[in-house]
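Worksheet for the structure shown next.
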Amino acid sequence: MTLQQFRRMCVFASRMVKLQPARYRKQCRTYVADMLHRMSVENHDVHYPFIIDWDNSETHTREERLAHGFGFYKASLLCDYLTAHNGLAEYDSNLSRETRNSEGNYDTVLLNCVQVCLCAACDVAVAPSGDVVGYDVGDLKAMWHPKPIPQWVSAAYGVDFNQCDSNHAVWL
């Protein structure tokens, strides 16, 4: 991920918080900002230059792994780092449950909100993959209101979202 892509990810994630349920919005903003800060710190496990996209990061060469005892990846995978009982949510009861819920996972609603903001931001800024569904052009317009949606958001989709109908579904 380049510096420009990281900055775009920061902007998109911060604006995406507006679309989260009002009950979780303030806490979500705090956790999203914390995660973006972790990505900006050079000696942290999720430093942005080593992140390729939501599901991938750069790998060490075989020689580096053997000589220095490094793991396979240069940075943690964002998709793994933002799961319950790991990374951001490791010791935070707001983000991780102690027991499984009815669906069999440990995630909380707040953690899901944080994941949605960061996953969509990473995908839109770096490599759109359609990991986040359930949003439409009207939601994007609400994120950027009163300004138009930036061209870099629309570019990967091959359509100008400012000219689209608000009900047009978008896989972020």
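Read the figures in this text as sums done on the coordinates, not as results from a lab. Keep in mind it's a predicted model, so treat the numbers as computed, not measured. In this analysis, Cβ positions are derived from the backbone assuming ideal geometry, glycine residues included, and neighbour counts consider all displayed protein chains.
Helices in the chain, meaning DSSP H runs of at least 4 residues, each add -39500 (n - 2.57). Divided by all residues, the mean residue ellipticity at 222 nm is -13000 deg cm²/dmol. Once the Cβ-Cβ distance of ASN162 and ASN94 is raised to the sixth power relative to R0 = 25 Å, the FRET efficiency obtained is 0.10.
Each residue of the stretch 77-89 was assigned a 3J(HN,Hα) from its phi angle through the Karplus curve 6.51 cos²θ - 1.76 cosθ + 1.60 (θ = phi - 60°); the sequence is 6, 4, 4, 7, 5, 9, 10, 4, 6, 8, x, 4, 9 Hz, with glycine and proline shown as x. Extension gain, GLU63 to TRP152: 0.36 nm times the residue separation minus the Cα-Cα distance gives 28.2 nm. Pull out a ≥ b ≥ c, the square roots of the eigenvalues of the alpha-carbon gyration tensor of the chain, then state rounded if a/c is under 1.5, prolate if not and a/b is larger than b/c, and oblate in the remaining case. Because a/c hits 1.5 or more and a/b fails to exceed b/c, the chain counts as oblate.
Using every pair of distinct Cα positions in the stretch 63-133, the Kirkwood expression returns a hydrodynamic radius of 13.9 angstrom.
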